[in-house]
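Data first, discussion second: the structure below is written as structure tokens.
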Amino acid sequence: MNLNQYFSREDQQFVFSRQQACDFAKGVANDFNAIHDADSSRFCVPGDLLFSVMLSELGLSQDMQFTFAGMVTDGVPLSIEQQEQHCLLVDNNGKEYLQVERSGENLKDAEIIGDIIADYVRFSGRNFPHILVPLLEEQGLMLNRKRPLVIYENMSLHFEQLPTRSPHLEFVGGEFVPNGKRGVALLKFTISEDGQVIGKGQKRMVLGSLLPYEKAESDMLIDNYEGCRQAFLKRQQA
């Protein structure tokens, strides 16, 4: 994956335009959340794009945790404050947007890292509706169609051994822990090499403004999302 087309470098800093972020969300991550639309009044850069750039720059360590601390809008110059085990993605005012804790051996192989990024963002793009909707339905809940609230909180990686060739990421299960109108979704995955599991990970998301499950309302939200996806595909084929 060529990440360079989804951000610009300015004096050792990263800058994301609305169109770059939108292209990554829709064209790479299969993420059609309206807040990543280039013309959205609530626009923010996808968390998966921030994760991808940080992993590409820092390399892959045996243990890593990515914690999101704020939403990035377009045109904000960002830089990495790098220490041995603790790294931050910050703006010129020192505001933190992403924290990375890492330990163990470190791998810099760009091809392997690119494969992990591609697999992870594909998995992440399936979170809605394929994974989250059934998890919520099991609890008798659904996202608010008029104001869906899904906050990407953190993601962790752990490797028994670092990959030596193209790995494969696979979703292995999730759970949703409700707390009134909010709750936490935990999505787990494994990373394999030649059929052998060498690592695992977990994505944690906070969901808010939840409502009692109603099939018609839930289906309408899914249909709206699918409509955005189909419209994007038609524009790509035109």
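General remarks:
- When nucleic acids and ligands are ignored and a 1.4 Å probe is applied, ARG235 ends up with an accessible area of around 150 Å².
- Principal-axis analysis of the Cα atoms of the chain puts helix 47-58 at an angle of about 10° to the longest axis.
- Over 20 Å [Cα-Cα, the stretch 101-216], rounded percent: 46 percent
- When the chain is described by a simple charge dipole with +1 on each Lys and Arg Cβ and -1 on each Asp and Glu Cβ, the residue from GLY104, ILE191, PRO134 located farthest towards its positive end is PRO134.
- Across the stretch 59-74, computed HN-Hα scalar couplings (Karplus, 6.51 cos²θ - 1.76 cosθ + 1.60, θ = phi - 60°) run x, 9, 9, 4, 10, 9, 10, 10, 10, 7, 10, x, 8, 9, 9, 6 Hz from first to last residue, x flagging Gly and Pro.
- Size of electric dipole in the stretch 111-156: Cβ of Lys, Arg +1 and of Asp, Glu -1, about Cα centre, debye, nearest 20: 400 debye
- Computed log₁₀ I(q)/I(0) - Debye formula, equal Cα scatterers, no solvent, the stretch 1-80, q 0.11, 0.15, 0.21, 0.26 Å⁻¹: -0.27, -0.51, -0.98, -1.40
- Computed from label points 7 Å out along Cα-Cβ, the spacing between GLU57 and ASP194 is 3.5 nm.
- Fully extended contour minus Cα-Cα distance, from ARG147 to SER17, at 0.36 nm per residue: 44.3 nm
- Only Lys, Arg, Asp and Glu carry charge here, each on its Cβ (+1 for the first two, -1 for the last two); on that basis the chain has a dipole of about 800 debye about its Cα centre.
- Rounded to the nearest 20, the size of the Cβ-charge dipole of the stretch 118-238 about its Cα centre is 500 debye, with Lys and Arg at +1 and Asp and Glu at -1.
- A straight chain from GLN85 to ALA231 at 0.36 nm per residue would run longer than the Cα-Cα distance by 48.3 nm.
- Helix-only arithmetic for the chain: the sum of -39500 (n - 2.57) across DSSP H runs with n ≥ 4, divided by the residue total, places the mean residue ellipticity at 222 nm at -9000 deg cm²/dmol.
- Here the mean projected area of the convex hull built on the C-alpha positions of the chain is 13.6 nm².
- Full extension of the chain between MET71 and SER156 gives 28.7 nm of extra length, using 0.36 nm per residue less the Cα-Cα distance.
- Rounded to 0.05, the FRET efficiency of the VAL177 and ASN106 pair, given R0 = 35 Å and the Cβ-Cβ distance, is 0.60.
- Dimensions (Å) - the stretch 191-238, Cα atoms, principal axes, largest first: 41, 40, 17
- In the context of the full set of protein chains, residues of the chain present 51 Å² of accessible surface per residue (probe radius 1.4 Å, heavy atoms only).
The values are calculated or read from the model by the stated rules, or taken from the named source; none is laboratory data. For clarity, every value in this text was computed on a predicted model and none was experimentally measured. Here Cβ is always computed from backbone atoms with ideal geometry, including for glycine, and neighbour counts include all displayed protein chains. Note: areas computed on protein heavy atoms with side chains; ligands, DNA, RNA excluded. Shrake-Rupley method; radii C 1.70, N 1.55, O 1.52, S 1.80 Å.
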